[in-house]
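The values are calculated or read from the model by the stated rules, or taken from the named source; none is laboratory data. Everything quoted here is computed from the prediction, not taken from an experiment. We place every Cβ from the backbone using ideal geometry, glycine too, and count neighbours over all the protein chains shown. For the accessible areas, the whole protein counts, side chains as well, though only heavy atoms, and no ligand, DNA or RNA atoms are used. Shrake-Rupley method; radii C 1.70, N 1.55, O 1.52, S 1.80 Å.
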Amino acid sequence: PSHDLWIILDLDNRNEVTKLLPIEEEWLYDLPVFPIEETEKIDFDTHSFKLSVEKMTHIGAIVLSKEKMATNELSKQSLDFVFRKLLPVFKEKWNEDNFKRLEVLEKYTAKKINEFDLENWLKNQIPYLLADPQYTLDKILGFFVNDVFFYLNEDGLYDLDEDLPLFLKLHDKRKVPIHYDISNGIHCESYIQDFYGLSSAPSILRGKEKIKLHLLGPHKRALQVTMDLGSFWEKAYKELYPEMKREYPRH
């Protein structure tokens, strides 16, 4: 008769099995020296936000059964595993403009970012987020930014995308990224001709913060860094123009 489980009794000098003993699975349940264990094999991809959990019943290296776990049946061990994988990702992402802009906002709010409990927020969100296959890491990071924003903006004075935009719209409908750097100033950079027709430096947070403009020449290096465009066009640009025309006649 066929058997699923065997005990190897002997090997020859080529490591080939010469003696086998068939056993029944139910025999193993009565052996105290081989306690049955249940473990979970967990695989989680932070970028696709896809989790795979396989529950295994085994005695030592002998696997008795395998079962794929549904997302609504996840154990605390699986949820803790995902939490430990995601937490450093969130902390690393804080250096990106999408997050750094909240540091600009907190200069004008009573509540502060370090009062927002990231770890507790993440632990509470994970079960719901894993249950829906549409979620990706980028979407979840977006939820986090929004929730921190609403936490800071308790009076509802500001709009995240209107008052803390990630891009500056140029006159030709192109957009350039706005970099939220607390130590070096909020700034964006583009070719000098992109700012023709603009008489003053743009601002955010309803005029509370001006954007420093890096005006680039054809060599992609800054010809001028300024928050006073009116003065630049009136003085410095008139001095730069003959030199630019001489060095870059095609431009």
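Computed values, structure above
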item: Residue that is modelled with the highest pLDDT [pool: residues in the range 20-37 that are assigned to a strand (DSSP E or B) and surrounded by 12 or more Cβ atoms within 10 Å (Cβ to Cβ)]; result: Leu20
item: Subset of the range 197-220 (residues that are at pLDDT below 85 and either exposed (fewer than 12 other Cβ atoms within 10 Å of the Cβ) or within 30 Å of Glu162 (Cβ to Cβ) (or both)); result: Gly197, Leu198, Ser199, Ser200, Ala201, His219
item: Some residue of the range 62-74 being hydroxyl-bearing (Ser, Thr, Tyr), touching a residue at least 24 places away in the same chain (Cβ under 8 Å) and at negative phi; result: yes
item: Filter result (modelled with pLDDT under 85 and within 27 Å of Asp138 (Cβ to Cβ)) within the range 52-74; result: Met69, Ala70, Thr71, Asn72, Glu73, Leu74
item: The range 143-154, subset open to solvent by 20 Å² or more (accessible area, probe 1.4 Å) and within 14 Å of the chain's Cα centre (by Cα), residue modelled with the lowest pLDDT; result: Phe143
item: Considering residues of the range 94-129 that are hydroxyl-bearing (Ser, Thr, Tyr) and open to solvent by 40 Å² or more (accessible area, probe 1.4 Å) only, the residue farthest from the chain's Cα centre (by Cα); result: Tyr108
item: Of all residues in the range 169-179 being open to solvent by less than 90 Å² (accessible area, probe 1.4 Å) and either under 19 Å from the mean Cα position of the chain (by Cα) or without any contact (Cβ under 8 Å) to a residue 12 or more places away in the chain (or both), the one that is nearest to Pro218 (Cα to Cα); result: Pro177
item: Boolean, Leu87 is of a type outside the set (Lys, Arg), part of a helix (DSSP H, G or I) and crowded, with 18+ Cβ neighbours inside 10 Å; result: no
item: Single residue of the range 180-196 satisfying the filter (under 19 Å from Asp97 (Cβ atoms) and aliphatic (A, V, I, L, M)) that is least open to solvent (accessible area, probe 1.4 Å); result: Ile186
item: Filter pass, Val82 being touching a strand residue (DSSP E or B) at 6+ places or on another chain (Cβ under 7 Å), closer than 26 Å to Leu129 by Cβ, assigned to a helix (DSSP H, G or I) and open to solvent by less than 90 Å² (accessible area, probe 1.4 Å); result: yes
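Residue by residue, here is whether (1) free of Cβ contacts under 8 Å to residues at least 60 places away in the same chain; (2) among the hydroxyl-bearing types (Ser, Thr, Tyr); (3) touching a Ser or Thr at 6+ places or on another chain (Cβ under 6 Å) holds:
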residue: Lys91; (1), (2), (3): yes, no, no
residue: Leu105; (1), (2), (3): no, no, no
residue: Lys111; (1), (2), (3): yes, no, no
residue: Glu115; (1), (2), (3): yes, no, no
residue: Asn120; (1), (2), (3): yes, no, no
residue: Tyr128; (1), (2), (3): yes, yes, no
residue: Tyr151; (1), (2), (3): yes, yes, no
residue: Tyr158; (1), (2), (3): yes, yes, no
residue: Phe167; (1), (2), (3): yes, no, no
